[in-house]
1. Do the conditions hold for A240, that is, is it more than 30 Å from the chain's Cα centre (by Cα), of a type in the set (A, V, I, L, M, F, W, C) and in a loop (DSSP other than H, G, I, E, B)?
2. How do the helices (runs of 4 or more DSSP H) wholly within segment 83-186 filter down when requiring 2 or more residues that are touching a residue at least 40 places away in the same chain (Cβ under 8 Å) and surrounded by fewer than 22 Cβ atoms within 10 Å (Cβ to Cβ): which remain?
3. Any residue at all in segment 73-94 that's modelled with pLDDT of 95 or more, out of contact with any Phe, Trp or Tyr (no Cβ under 8 Å at 6 or more places or on another chain) and within 29 Å of T221 (Cβ to Cβ)?
4. Test each condition in (1) under 23 Å from L261 (Cα atoms); (2) assigned by TED's automatic domain parsing to the domain that holds L110 for E131 and report the one that comes out false.
5. Within 28 Å of the chain's Cα centre (by Cα) and over 20 Å from R223 (Cα atoms): which single residue out of E274, E295, E299, E282 fits that description?
6. Would you say M65 is more than 30 Å from N254 (Cβ to Cβ), at pLDDT 75 or above and touching a Leu at 6+ places or on another chain (Cβ under 9 Å)?
7. Would a scan of segment 206-217 turn up a residue that is modelled with pLDDT of 95 or more, in a helix (DSSP H, G or I) and among the polar types (S, T, N, Q)?
8. Can you confirm whether segment 266-283 contains a residue that is closer than 21 Å to A198 by Cα, of a type outside the set (S, T, Y), without any contact (Cβ under 8 Å) to a residue 40 or more places away in the chain and part of a helix (DSSP H, G or I)?
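The values are calculated or read from the model by the stated rules, or taken from the named source; none is laboratory data. Owing to the predicted nature of the structure, the values given are computational and were not obtained by experimental measurement. Cβ atoms come from the backbone with ideal geometry, glycine included; neighbour counts cover every protein chain shown.
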Amino acid sequence: MTKKKKYLLSFAIIILLIMPTAIFFGGRYFLNQGKEIMEEDPEGARRYFKTATRLNPFSGKAYAMKAVTFYNHDELDFSADTGKVSVPEEVIQNYEKAITGFNTPTRAYLNLGEIYYNYSAYYGYIRKQEEEGVGYAQKAIPILRKAADEYSDSWIYYMIGYLKVFVLEEPEEAISYFEKGKGVDSDHPRSYYGLAYAHTALENWEEALHYYDESIQREPTSRAYVGRGFVIWTLSGKEAPAGLADYEKALELNPNNITALHNVMLSYYDLGVEANAKHYLERLKRVDEIGVYEEKIKEYEKLLN
């Protein structure tokens, strides 16, 4: 081998040895530059993060930071359980890349898990589209478990338990997650609500009533009053007006609670007060997301007309 070839080979080896380091530090440089300007110039920050991911396509942190530039995750309300949160597709794509990379912040797992949780709740529980709901639940649960490994948080355990009982219909497994959440924070109202719903699904009526009482004591919500009203109605032998007071309280808190509207309508129908039943039927028909009640509305329209 000539001296020139030896020189070129040595130069190539040196380049190959230093290139990974150069790429790594180059990616980190652009990542840090993006973080510095992120609040005042999210689009400019996104360009830096995009360059960082090109230099280091395995940087979970860069993809996670890029996702955040498209929207403010903290402004989304994942606690409502009343409708799908719309998230830009670029956000989901970047979070999905982030969790397959290295040095991924735990927050990326939590954010993506919350998105999938909401989509699963919307499709699987509200819209009763089983296939879509189950699909998102199966994506969400392992991601949320990963987040729970770092954050021992009642909200994370609640989301997993919610998907287990409301979407996957696995109340026994759900109970263990709600209990974990209660163990982290003994005053977390949703842990008690989750336990109440799971025991309702298992027809453990006394336990369900106890946990609904505990949930309402900590946070009087529309959904908790609906659940407790149903349990009271069941324990009474399914005779109206048992549960009606709780259903009406639920509507005070959320006038568009479709389950409460349906149950109040049905209670008045069973009591023979058709004028009130018609009133609540009309209110139910005006709610945007009627989901599973669509067919029932048609049945009651025939009965009340």
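1. Answer is yes for this residue.
2. Fully inside segment 83-186 and qualifying: 106-120, 130-150.
3. Taking every residue of segment 73-94 in turn, none turns out to be modelled with pLDDT of 95 or more, out of contact with any Phe, Trp or Tyr (no Cβ under 8 Å at 6 or more places or on another chain) and within 29 Å of T221 (Cβ to Cβ).
4. (1)
5. Going through E274, E295, E299, E282 in turn, the sole match is E295.
6. Numbers: more than 30 Å from N254 (Cβ to Cβ): yes; at pLDDT 75 or above: yes; touching a Leu at 6+ places or on another chain (Cβ under 9 Å): yes.
So M65 passes the test.
7. Yes, that holds for at least one residue.
8. Within segment 266-283, none of the residues are closer than 21 Å to A198 by Cα, of a type outside the set (S, T, Y), without any contact (Cβ under 8 Å) to a residue 40 or more places away in the chain and part of a helix (DSSP H, G or I).
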